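Visitor: My structure is below; once you've seen it, I'll send some questions.
The values are calculated or read from the model by the stated rules, or taken from the named source; none is laboratory data. The model shown is predicted, which means the values in this text are computed figures rather than measured ones. Every residue, glycine as well, gets a Cβ built from its backbone with ideal geometry; the counts of neighbours run over all protein chains shown. SASA here: full protein model, heavy atoms, side chains in, ligands and nucleic acids out. Shrake-Rupley method; radii C 1.70, N 1.55, O 1.52, S 1.80 Å.
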Amino acid sequence: MDQFTLNLLVVGATFALYIGIAIWARAGSTSEFYAAGRGVHPVTNGMATAADWMSAASFISMAGLIAFTGYDNSSFLMGWTGGYVLLALLLAPYLRKFGKFTVPEFIGDRFYSPTARLVAVICLIVASVTYVIGQMTGVGVAFSRFLEVDVATGLFIGAGVVFCYAVLGGMKGVTYTQVAQYCVLITAYTIPAIFISLQLTGNPIPGLGLFGEHTASGEPLLQKLDQVVQELGFASYTGHHADTLNMLLFTISLMIGTAGLPHVIMRFFTVPKVADARWSAGWTLIFIALLYLTAPAVGAMARLNLIDTVYPNGTQAQPLEYEARPDWMKNWEVTGLLKFEDKNGDGQIQWYNDKSDAFAATATANGWQGSELSVNRDILVLANPEIAQLPAWVIAVVAAGGLAAALSTAAGLLLAISSAVSHDLFKGQLTPNMSEKAELLTARISMAVAIGVATYLGLNPPGFAAQTVALAFGLAAASLFPALMMGIFSKTINNKGAVAGMLMGLVTTLIYIFLHKGWFFIPGTNSFSDADPLLLTIKSTSFGAVGAALNFATAYFVSKATDPVPDDIVQLVESVRIPKGAGAAVDH
């Protein structure tokens, strides 16, 4: 059986499973659509949350970014993992105890203001739409290769699949679909990683193989990788070369952005009890760890395999002849995500750092006139089993896994958007007397519109999948996270302070992003680049931490200058934070 047919069979079988689950678990009420009837078991919810959390950015893009940059991009791992711990400890149990369906509903009630709820809806939609652009980008990349179509066609196919199961099932359908998707994606990620680790190091555990010995050379794997990348003019893989301030702010932005992401927070509204929210958070961390502990090894080994492909006899010997390139390169060239330009006309593939002044003399001596291979970071994980010449069934499983990762998070984000529009905007603000049936219809229509917008923007994303997602984390960090934290842990922040803070964080961060990425992400309309940022060395992906600080400060000073928080709201905050029946402390 040829590879294309096998891909169709495996991917088609998983899609049939997802859509079948959505039909079986079709939401019949608003409680089922928004919170799965609050009857999801903690282990089930943990697995679904892990799938919701590990998006195309985690599965497809993160290891690719680590592979091409090395240690400096480990901030993705630190920020996302640390952020989830922050969410699990500081937000999830308290929000579940509050007992609402959505994040804007909590903010509206806690800050006793329909305006605060409306601003939270706007913040949620802006962050979620930016996030879903990254997911649709990943969907297009995966479909384009494994269905052998261009990226735009792959994007449209993926949008149709998401529409089928997310619009039908709501949170109830999405929950059980995500359980299936987690099983698919974690299997697809770990199987090729185990094979490649065995090939390169003889160790079946990728995380241990990363720090093991490279079998072919007898050197430590990371030492060998450092050697070959530096021989091609690139910076050392294990060294720290990025700006430290920007890296610190980027990690903080990812952490607090994680804790403010509405589509993940919503998952904790689906469990029966507050204790279940804590347990499901713990289970989620275990399920996430299986992938995140493997990703650094996947990135390093993929980079080494890619260099060995282009320089089969070593980096000091002649590179690969273009006509002798392996089939996987031909396959990815069809998508446009891997490109070759023979700049010196010698028919060989030169791939090196042509921006390195130190390597310029070596390149000139070799007769090279520029690096000739362009590899999109988002393809590396999907191409990994082909590069390592693994069996065809592994390639098909990885295809299904990449699509599962992108589709699971896209569904969660679309559900957050539709809930905000139907439950918080229409039901909560514009038409409070609308029936449950009308509210469900509004939710489904708004989800369909969000899919259309995300698909359109996904055709011209502002960066690689993980970079686009990082922008969304920055927006969530600057707008929603401070409001949630202050809503739970402060009795002095009033409605005016919360609204002013959210607007300050959202607007400043959005403007900073648009100045660097183009207004409304339209190419060519940017005034600055991330290589030459507006403020110090802070890139657009890192500004969320600054926006959050402005949010906190604005909320504090505006609250101090205006009316105090009403007594009933103070008691509400205490009831959320203090366990029922807890007495006052006694001095013994």
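Visitor: Roll a 1.4 Å probe over the protein chains and send me the accessible area per residue for region 309-414 in Å².
Guide: 39 Å²
Visitor: Could you do me a favour and compute the accessible area per residue for region 242-302, 1.4 Å probe, result in Å²?
Guide: Roughly 31 Å² per residue, with all protein chains present.
Visitor: If you take the alpha carbon radius of gyration of region 388-525 and divide it by 2.2 N^0.38 Å, what ratio comes out, to two decimals?
Guide: Relative to the rule-of-thumb radius for its length, region 388-525 sits at 1.34.
Visitor: Let me ask something additional. Please give the net charge around Val570, taking every other residue with its beta carbon less than 12 angstrom from that of Val570, where Lys and Arg add +1 and Asp and Glu add -1.
Guide: 0
Visitor: Something else about it: For region 427-533, what is the accessible area per residue in Å² when the probe is 1.4 Å?
Guide: Per residue, region 427-533 has an accessible area of 40 Å².
Visitor: For the peptides 251-261, 481-491, what is the packing order when you average, over each peptide's residues, the other Cβ atoms within 10 Å and list the highest mean first?
Guide: 251-261, 481-491
Visitor: Would you compute, for the Cα atoms of region 461-549, the largest minus smallest coordinate along each principal axis and list the three values in descending order, in whole Å?
Guide: Sorted from largest, the Cα extents of region 461-549 read 44, 22, 22 Å.
Visitor: Leaving ligands and nucleic acids out of the surface, order Phe543, Phe163 by accessible area at 1.4 Å, largest first.
Guide: Reading off the accessible areas and sorting them downward yields Phe163, Phe543.
Visitor: Report the equivalent ellipsoid semi-axes for the chain in whole Å, largest first, defined as the square roots of five times the eigenvalues of the gyration tensor built from alpha carbon atoms.
Guide: Each semi-axis is the square root of five times an eigenvalue, giving 42, 26, 22 Å.
Visitor: Can I ask one more? Where the centroid of each part is defined by its Cα atoms, how far is region 369-414 from region 262-300 in Å?
Guide: Here the two parts' Cα centres lie 23 Å apart.
Visitor: If contacts are Cα pairs under 8 angstrom and at least 6 residues apart, what is the relative contact order of region 312-388 in percent?
Guide: Here the relative contact order equals 32 percent.
Visitor: Run the accessible area of the chain with a 1.4 Å probe and give the carbon-and-sulfur part as a rounded percent.
Guide: Here carbon and sulfur together make up 63 percent of the probe-accessible area.
Visitor: If packing is taken as the average number of other Cβ atoms within 10 Å across a peptide's residues, how do 4-12, 492-500 rank, most packed first?
Guide: Averaged packing, sorted descending, gives the order 492-500, 4-12.
Visitor: Helix by helix, which DSSP H runs in the chain go 30 Å or more along their axis at the Cα atoms and have an average Kyte-Doolittle hydropathy of -0.5 or more?
Guide: 3-24, 114-146, 151-201, 392-419, 436-458, 465-489, 495-517
Visitor: At a probe size of 1.4 Å, how large is the accessible area of Phe520, to the nearest 10 Å²?
Guide: 140 Å²
Visitor: Something else about it: At a 10 angstrom cut-off on C-beta neighbours, averaged per residue, how do the peptides 57-66, 470-479, 217-226, 195-204 rank from highest to lowest?
Guide: The most tightly packed comes first, giving 470-479, 57-66, 195-204, 217-226.
Visitor: Using only alpha carbon pairs under 8 Å that are at least six residues apart, calculate the relative contact order of region 262-357 and give it in whole percent.
Guide: 18 percent
Visitor: Something else about it: Within 15 Å, Cβ to Cβ, of Leu471, how many net charges do the neighbouring residues add up to if Lys/Arg are +1 and Asp/Glu are -1?
Guide: +1
Visitor: Compute the convex hull volume of the Cα atoms of region 103-216, divide it by the residue count, and report the result per residue in Å³ as a whole number.
Guide: For region 103-216, the hull spanned by Cα atoms encloses 172 Å³ per residue.
Visitor: Just list whichever of Lys496/Lys517; Lys97/Lys539; Lys224/Lys355; Lys273/Lys496; Lys97/Lys427 have alpha carbons separated by over 27 Å in the model shown.
Guide: Lys496/Lys517; Lys97/Lys539; Lys273/Lys496
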